[in-house]
Every structure is written in structure tokens, then in C-alpha cells.
Amino acid sequence: MPPGLEADYFDGRSARAIRVSLRVENGMLRIVGDALDLSVPVASIDWPERRSRGVRMAHLKGGGSLHCSSGVAWDAWARDQGLGDSLVVRAQQSWRLAVGAIAALIAVCAAFYLWGVPVAARVIVRLVPPGVDARVGEIVLDTLRDQEIVAPSAIEWEQQERIRTAFAAAVGRTWPPGDRPALHLRFYESALGANALALPGGTIIVTDDMVRLLADREDVMLGVLAHEIGHVRERHSMRALVQVSLLGAVAGLAYGDYSAVLAGVPAVLGQMAYSRDFERRADDESIRLLRANGISPEVMAMLFQRLQAESHRRAKEAKHFDLGIALASHPADEERMRRFQAAAHEGSMAR
Ligand SMILES: [Zn+2]
């Protein structure tokens, strides 16, 4: 058996030091000295923090204490006995570690925000039966109607039918029968301006302003609708809803009583950050449909140019909305336009 550590024991009542030998046995600290033999649970002892030099003092429950004049000897013994400093103590001792811990915490939060929430949302949505989407979509549409964000369309039925027929034919040329998305196109007059949105369940809403904006460009309209099909196929609106709910729940935990005020902030930020990836995926489906129908993806530049002009006009009228595909003033639009143009050039090289 290795020799114990020599230390002084004070009983907490008298100032008399008793020379003792310390040893750890089965989770107990054994303190043996002149007419003294104590066994104390290691976990109950207030162990000293490790400093660079000096006296080490450990406090026992009930007032006793142990003193060792050699810090080096104490540390070596503590290490041998497996009494390493707890991580917290070590972190307190080292600024570098403390700063590292904060950086790691920020990294974990950022990773959770950027990847954790979207991955969790994707997993959750995968567990939700697709039938639920349609019900959620109906609720969203009812809300849009109740809040008068959409109203009955002023577009003539013949024009609506022309768009429906052209789109159905284009979809038929793009996806094989087994993989073909169901189509529910609905037209509404809307305060959202020129816009198209995909509701959970697959209903695609096209605003009258969008129909007017692209009245002479059926090819561009097909690209817009195919973009919405992309959102439908990947259940983006359901995922966005789950993401917002998750972020709201996390913010609620983090901010406690203030959740009602603050929960919406990260939720809104989150949705903006995610939508970029979703937009890219949806644009891919748009490119796919345009190519399958012999239309150059480059025609989509027309959409962004017209939306931009529309957005400037509406900004002047001070009733500006940015939602759905119509993120005209969004800098990401430049990136999206370049993607359509690049796809057009890839396409012409392949042919
Ligand atoms: Zn979109």
C-alpha cells in the first residue's frame, strides 16, 4: 500500500493540530493519526482549488479541516488518488478555458439554430402524416380570408382556366405519372401584391397582381408555379411552421416570463434565414419544369425585374409587403436570378 499523504488535522473546536496520514479507500477518505481514525465520504469534502503554489486546505462537514503545507505534494497525491479537479474548478482557474467554454456555447447555439432546428423540423414533419398538411392548409387559408389578406379573384374564369390547363400540361411533361404532384391552383385578389404561395397540403395561391404582372408571359408564370410545386413537394410550409414553433418554444424556455414579447423575434429571424435554402430547392424544381418544356430558365429574370419595378412602385405607395416568392427587394434575389441564368447556360451547353 502506498504511503499516505502527511497533513495536519484540526477538529474545528481546538487550535491543536494533529499530524495525520491521508488515504482514499472505496470512496472514503481515511484520516489516521495519534488516537484518531476517521473515515469521511470523499464526496462530502470541500476539496481545495488547485493554485500554482502554497498551502492546501480541505474542509470537512461538521467543522474539521485538513492542512497541507506542500501544494506540490498534495496535488501529486490527489492525482494518484483520482481526486482530479472537477471540470468546473479547472475552468474557473483558466481564463482561456472559460473563454473557450463561452465560444463553444455560442457555437452550439448557432449550430442548433442553423442545423438543429431545420433537421428537427424535417424529422418532425416526416412523422406527421401528409393528411395533416391539408387540414393545416385549410386553417391557413381560412385565416388569410378572415384577416382579409385574400379576397375573391377579379381575374376572369377563362384566364384562370387557361393558366390551369397550361400548367397541368407542363407538369405532365415534367414528372412521370406516379411522381406527379396533385394540383390545386386558386386565384385571389390580395394585399400581398404580385405573389404566389404554397400552402401546406399543396394548394397554390396566385394573386391577381401576379396574373396581371405576367399576363403576357405564360412561360414565366409556369416557372413561378413550378417554384411553388417545389415548396409543396418538400413540405416547406409545414417545415417552416414547425421551425417557427420550435424556435418559439426554445425562446420561451430561454427568456422565461418575457417569452411573449421576445419569442417572435428569433422565430421571424429564423424563418428568413431558412427560407433561402428552401427558395433554392424550389427554384431547382422551377428550372426542371422549364427545361422539360423547352423554356430557357433565363426567362425567370423577367419575373425578378418586374417584381422589382412593382416593389418600387408599391414602396412609393407605402403599402409594401414582402412574402412568398415576391421577395423583390431582398438581396437574395440577385443570387436567385444568377442561378436561373447559370442553369440556362448549362442547359444550352448540354444540348
Ligand atoms: Zn419560394
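Points to keep in mind about this one:
- Qualifying residues in the range 156-183 (those that are more than 21 Å from residue 201 (Cβ to Cβ) and of a type in the set (S, T, N, Q)) - the one surrounded by the fewest Cβ atoms within 10 Å (Cβ to Cβ): 165
- Residue within the range 275-295 that is in a helix (DSSP H, G or I), away from the ligand (no atom under 16 Å from the Cβ) and at pLDDT 90 or above present: yes
- Look at the range 209-235: where a residue is modelled with pLDDT under 90 and a partner is surrounded by fewer than 18 Cβ atoms within 10 Å (Cβ to Cβ) and part of a helix (DSSP H, G or I), sitting 6+ places away or on another chain with Cβ atoms under 7 Å, you get 230/281; 230/284; 234/281.
- Test: residue 127 is in contact with a strand residue (DSSP E or B) (Cβ under 8 Å, 6 or more places away or on another chain) and in the same structural domain as residue 287 (by TED's automatic domain parsing): no
- Sub-6 Å Cβ pairs linking a first residue in the range 192-203 that is assigned by TED's automatic domain parsing to the domain that holds residue 282 to a second residue that is surrounded by fewer than 22 Cβ atoms within 10 Å (Cβ to Cβ) and β-branched (Val, Ile, Thr), at least 6 apart or interchain, are 199/140; 200/136, ordered by first then second residue.
- Of all residues in the range 3-28, those that are closer than 14 Å to residue 59 by Cβ have Cβ atoms under 7 Å from Cβ atoms of residues that are among the polar types (S, T, N, Q) and modelled with pLDDT of 90 or more, 6 or more apart or on another chain, in 10/65; 12/65.
- Selection from the range 296-349 of residues that are over 30 Å from the mean Cα position of the chain (by Cα), at pLDDT below 85 and among the acidic types (Asp, Glu): 310, 317, 346
- In the range 140-155, of all residues being surrounded by fewer than 11 Cβ atoms within 10 Å (Cβ to Cβ) and either free of Cβ contacts under 8 Å to residues at least 12 places away in the same chain or not assigned by TED's automatic domain parsing to the domain that holds residue 219 (or both), the one that is nearest to residue 203 (Cα to Cα) corresponds to 142.
- Residues in the range 202-232 that are of a type outside the set (A, V, I, L, M, F, W, C) and within 12 Å of the ligand (Cβ to nearest atom): 223, 227, 228, 230, 231.
- Hits in the range 64-83 (condition: under 50 Å from the mean Cα position of the chain (by Cα) and assigned to a loop (DSSP other than H, G, I, E, B)): 81, 82, 83
The values are calculated or read from the model by the stated rules, or taken from the named source; none is laboratory data. In this text the structure is predicted, and so the values were computed from the model without any measurement. Heads up, the Cβs are rebuilt from the backbone with ideal geometry, glycines too, and the neighbour counts pull from every protein chain shown.
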